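Here the structure comes first, spelled out in structure tokens, and everything after it is commentary.
The values are calculated or read from the model by the stated rules, or taken from the named source; none is laboratory data. As the structure is a computational prediction, the values presented were derived from the model and not from experiment. When we count neighbours, we look across all protein chains shown, and the Cβ atoms used for this are built from the backbone with ideal geometry, even at glycine. All accessible areas refer to the heavy atoms of the entire protein, side chains included, with ligands and DNA or RNA removed. Shrake-Rupley method; radii C 1.70, N 1.55, O 1.52, S 1.80 Å.
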Amino acid sequence: VVARADDGSYVAATRICSHKPRKAIKLKNNQWYCSEHGAKFDLSGQGLNDKGRNHLKIYNTNLTGSQLRIFG
């Protein structure tokens, strides 16, 4: 998932939740959120509730001009 954070920067994370392997990760209120079961993670992938305790895979982003690069 690639999204824009509240500060205007681009952020990227895996779509697959670490709680249960569902492709349901979205950015909501500047937090990563799993719409299947409510796991929450901060922008760095750290869990914010008991369902997020396994953390989330986050990718680095780099915007140069109009080209956005996503890398691990």
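Among the residues of region 1-29, the ones that are at pLDDT below 95 and surrounded by fewer than 16 Cβ atoms within 10 Å (Cβ to Cβ) come to 3 in all.
Residues that are out of contact with any Lys or Arg (no Cβ under 9 Å at 6 or more places or on another chain) and either in a loop (DSSP other than H, G, I, E, B) or touching a residue at least 60 places away in the same chain (Cβ under 8 Å) (or both) within region 1-21 comprise VAL2, ALA5, ASP6, ASP7, GLY8, SER9, PRO21, listed in sequence order. Could you please let me know if LEU48 is crowded, with 16+ Cβ neighbours inside 10 Å and either at pLDDT 95 or above or on the phi < 0 side of the Ramachandran plot (or both)? Considered against the rule, which asks whether it is crowded, with 16+ Cβ neighbours inside 10 Å and either at pLDDT 95 or above or on the phi < 0 side of the Ramachandran plot (or both), LEU48 comes out as no.
Kindly provide the set of residues from region 51-61 that are open to solvent by less than 60 Å² (accessible area, probe 1.4 Å) and either of a type in the set (Val, Ile, Thr) or more than 12 Å from the chain's Cα centre (by Cα) (or both), ordered by number. The answer is ILE58, THR61.
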